[in-house]
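The structure appears right after this line, and notes come after that.
What follows is calculated from the coordinates using simple rules that are stated; it is not laboratory data. Keep in mind that this is a model prediction, so the values were computed, not measured. Positions of Cβ are backbone-derived with ideal geometry, glycine not excepted, and every protein chain shown enters the neighbour counts.
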Amino acid sequence: MNREDSHRHHHTPPDYNRAFAVGVALNVIFVVIEAFYGVVSGSLALLTDAGHNLSDVFGLLLAWGAAILAKKRPSSRRTYGFSRATIIASLFSGLLLMGAVGAIGWEAANRLMDPPEPAGKTIMIVAAIGVLVNTVTALFFLSGKDNDLNIRGAFLHMAADAVVSLGVVVSGALILFYGLNWIDPVISLVIAAVIFLSTWGLLRDSLNLAVDAVPSNVDPDAVRDYLSGLPGVTHLHDLHIWPMSTTDTALTAHLVMSTMPDSDRFLNDIANLLADRFSIHHATIQLERHDSEIICYQSTHCAE
């Protein structure tokens with residue numbers, strides 16, 4: 001006996017199209033400005049921050065494209081739609097940032113050996129603009145950062161950029177007032193460290209979702225205890241919980257029953273509670289009689 005809560009199959013995620021569009025436009029304009037003045041002033045901190053901001057533009061475009069794909073309806077060929085694109089986007093975004101960390105660190109280490117003489121005032125002014133641009137962009141994604149890994153990636157990129165730009169302002173001040181030219185590549189190394197720390201969690205979570213690990217917001221033991229404790233359930237096997245996207249979670253389970261329920265309300269109640277308590281909106285439950293002579297071959301794949 002199978003029952004899937006079909007009316008919950010496709011959820012339209014919140015619309016962040018305007019946030020992505022404005023965020024991309026602001027950051028593209030700022031990248032051009034920052035790169036120009038980085039060359040003019042001879043500042044590695046500005047150039048590396050411009051490179052990082054450019055990678056964030058690509059990250060925003062990836063997240064934006066994935067968000068658009070996630071809204072496409074399922075089809076007979078793609079029964080889950082394109083929701084998984086959000087996981088792929090967050091994974092590529094994390095990898096892109098890790099690549100930027102390596103490039104920034106390498107160039108900064110080389111410049112430590114022969115520090116240039118950058119223009120401190122120019123660095124301060126341009127970086128201050130960066131603080132404003134990145135803070136405004138980050139605020140666009142603030143409301144969705146706790147519920148969607150794809151949006152969380154966009155938020156973390158922009159929030160980290162705001163902090164990094166603030167660090168560049170400090171670098172410019174130290175160069176302008178104290179002549180500490182060596183601080184420019186040092187700040188670049190700090191930028192690389194900040195990017196790495198802000199990206200590690202995103203990359204780890206994205207990798208977990210990409211290999212169908214249970215999402216971090218779901219406690220699999222609590223789900224197992226709930227299903228095992230249902231009236232009439234003598235055994236539970238083949239419990240699988242996996243992400244369909246960065247926001248949707250699916251579950252399948254086989255419940256061995258001592259007494260079969262009289263109606264489908266039993267299954268409906270399970271689906272509703274899984275959605276309300278565990279945020280699992282795509283539940284498929286199979287009921288099996290405990291005295292059945294039919295062997296369920298799937299039980300050999302039971303996750304203990």
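Data table
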| item | result |
| --- | --- |
| Backbone HN-Hα couplings from phi across the range 80-91 [Karplus 6.51/-1.76/1.60, Hz, Gly and Pro as x] | 9, x, 10, 4, 5, 4, 5, 5, 4, 5, 5, 5 |
| Identified option (computed Cα Rg over 2.2 N^0.38 Å; candidates (1) 0.96; (2) 1.20; (3) 1.30) | (3) |
| DSSP beta bridge pairing in the chain, given as percent antiparallel to the nearest 5 | 60 percent |
| On Cα atoms only, tilt of 265-278 relative to the major axis of the chain in degrees | 20 degrees |
| R289 long-range amide H proximity, modeled H, under 5 Å | M257 |
| Ranking of I241, I175 by count of other Cβ atoms within 10 Å, fewest first | I241, I175 |
| Residue-averaged [θ]222 nm for the chain, counting only DSSP H segments that reach four residues, each worth -39500 (n - 2.57) | -21000 deg cm²/dmol |
| Positive-end extreme of charge dipole, the range 90-196 - chosen from L142, F92, I191 (charges on Cβ) | L142 |
| V40 paired with R18, simple spin-label distance in nm, labels 7 Å along Cα-to-beta-carbon | 3.4 nm |
